Amino acid sequence: MHENIKYTLSLDEKIEPLRSREDLKNPAAAPRGSVGDWQSIFAETIQHTHFFVYAKLIGKKEGETFRVKKIQLFVQNYKGSVTYGFTGLDDLDIKQVTIDANDPEHDPRHPNKTKYELSFGVGALRSSINCVEKDVDVVFKNYDIIQATPIFSPAENEISQIFEDDDKRRNTNYADPLFMQRVGEDVKITDEGYARLELLGESGFDNAIQSQVSNLLSHKNTIKSLTEIEFLGLKYPCQPRNTMIKIQS
């Protein structure tokens, strides 16, 4: 049943973009159109921290379609001790992906719908960036699907020591659970951690650490896929990450 549950995102010409990140610091004083009308596209709980990612898709109707020219994302932490934020001011990307016959989004009622993967860089202890945006040119139809895909970065090296050798990594102040595991005095990068680092390297997000990621991966001969590790081989896991498009008339 979980594969049939999704968010609905309304595309409406009346939705205004966030005017400035300064508006987020004092929303009560900002224009309502700037700070309002965010719509949820993703939710996650990690180490007891619960956060949502919200979106604004800015554009114009073109007949029965809607051409989006700008995407803005906002992350809101709700509960928990670790703050999650974005890894770069434009660390997001959107691309069309295939809907095959086994995809739960394959629906004979809407044979012409298109699926898009919306990826974004996010990480723990990243409180400085809670909003990202990017200019795009994507034409949506009703019932199209957006699949939100977070690309996680590890906590910064001075805190996690993830890019240090085994001896120095013992001095970590935060063994990021998405990448690392403490075993007594030792702190190891897990198979899941290597899989996430490989995805991070492929994405190009969090540019400041890309060379460190590449160097670390160069010493690892075999890396299992994240699908195999985290989702136990399930290609379509139970996650609140799919959104259906609804164009307002």
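Observations
- Three-way shape label, segment 1-153, alpha-carbon gyration tensor, a/c 1.5: oblate
- Cα-centre dipole for the chain with unit charges at Cβ (Lys and Arg positive, Asp and Glu negative), debye to 20: 840
- Contour minus Cα-Cα distance for S218 and E13 (0.36 nm per residue): 69.1 nm
- Label-zone membership for segment 11-41, site N142, 7 angstrom Cα→C-beta point, backbone N under 16 Å: 11-13
- Under 14 Å from the Cα of K141 - aspartates and glutamates, other chains or at least 8 residues apart: D12, E62, E64
- When segment 1-103 is described by a simple charge dipole with +1 on each Lys and Arg Cβ and -1 on each Asp and Glu Cβ, the residue from V35, I94, L11 located farthest towards its positive end is V35.
- Computed over neighbours whose Cβ is under 15 Å from that of S40, the net charge equals +2, Lys and Arg +1, Asp and Glu -1.
- Where labels lie 7 Å past Cα in the beta-carbon direction, separation of N102 and K70 in nm: 4.1
- Per residue, the average separation of C-alpha pairs within less than 8 Å and at least 6 apart gives segment 1-98 a relative contact order of 22 percent.
- 13 Å beta-carbon shell around R126, net charge (K/R +1, D/E -1): -4
- Positive-pole candidate from A124, G59, T45, dipole of the chain, charges at beta carbon: G59
- Three-way shape call for segment 86-160 based on the alpha-carbon gyration tensor, with the a/c threshold at 1.5: prolate
- At full extension, R182 and E158 could sit 7.0 nm farther apart than now, given 0.36 nm per residue minus the alpha carbon distance.
- The local environment of E117, defined by Cβ-Cβ distances under 9 Å, has a net charge of +1 under the rule Lys, Arg +1 and Asp, Glu -1.
- A simple spin-label model places pseudo-atoms 7 Å from Cα toward Cβ; at D167 and T190 they are separated by 2.8 nm.
- In the context of the full set of protein chains, the chain has a per residue accessible area of 53 Å² (1.4 Å probe).
- Note that segment 45-51 has calculated 3J(HN,Hα) couplings of 10, 10, 6, 6, 9, 10, 9 Hz, one per residue in order, obtained from phi through the Karplus relation 6.51 cos²θ - 1.76 cosθ + 1.60 (θ = phi - 60°); glycine and proline are x.
- Our coupling estimate for segment 4-10, obtained by passing each phi through the Karplus curve with A = 6.51, B = -1.76, C = 1.60 and θ = phi - 60°, is 8, 9, 8, 6, 10, 10, 8 Hz, Gly and Pro reported as x.
- From the alpha carbon centroid of segment 1-55 to that of segment 103-145 is 13 Å.
- Three-way shape call for segment 46-118 based on the alpha-carbon gyration tensor, with the a/c threshold at 1.5: oblate
- Cα convex hull, segment 103-249: 152 Å³ per residue, rounded to a whole number.
- Relative contact order, percent, segment 52-130 [alpha-carbon distance under 8 Å, six or more residues apart]: 32
- Amide H partners (placed H, <5 Å) of V136, local residues excluded: K70, I71
- Helical content of the chain, expressed as a calculated mean residue ellipticity at 222 nm, amounts to -4000 deg cm²/dmol (DSSP H runs of 4 or more residues, -39,500 (n - 2.57) each, divided by residue number, nearest 500).
- The relative contact order of the chain comes to 22 percent, based on Cα pairs under 8 Å that sit 6 or more residues apart.
- Apolar share of the accessible surface for segment 38-126: 46 percent from carbon plus sulfur atoms, 1.4 Å probe.
The values are calculated or read from the model by the stated rules, or taken from the named source; none is laboratory data. All values reported here derive from a predicted model rather than from experimental measurement. Don't worry about glycine lacking a Cβ; one is built from the backbone with ideal geometry, like all the others, and counts go over all protein chains shown. Surface areas here come from the heavy atoms of the whole protein model, side chains and all, with no ligands, DNA or RNA. Shrake-Rupley method; radii C 1.70, N 1.55, O 1.52, S 1.80 Å.
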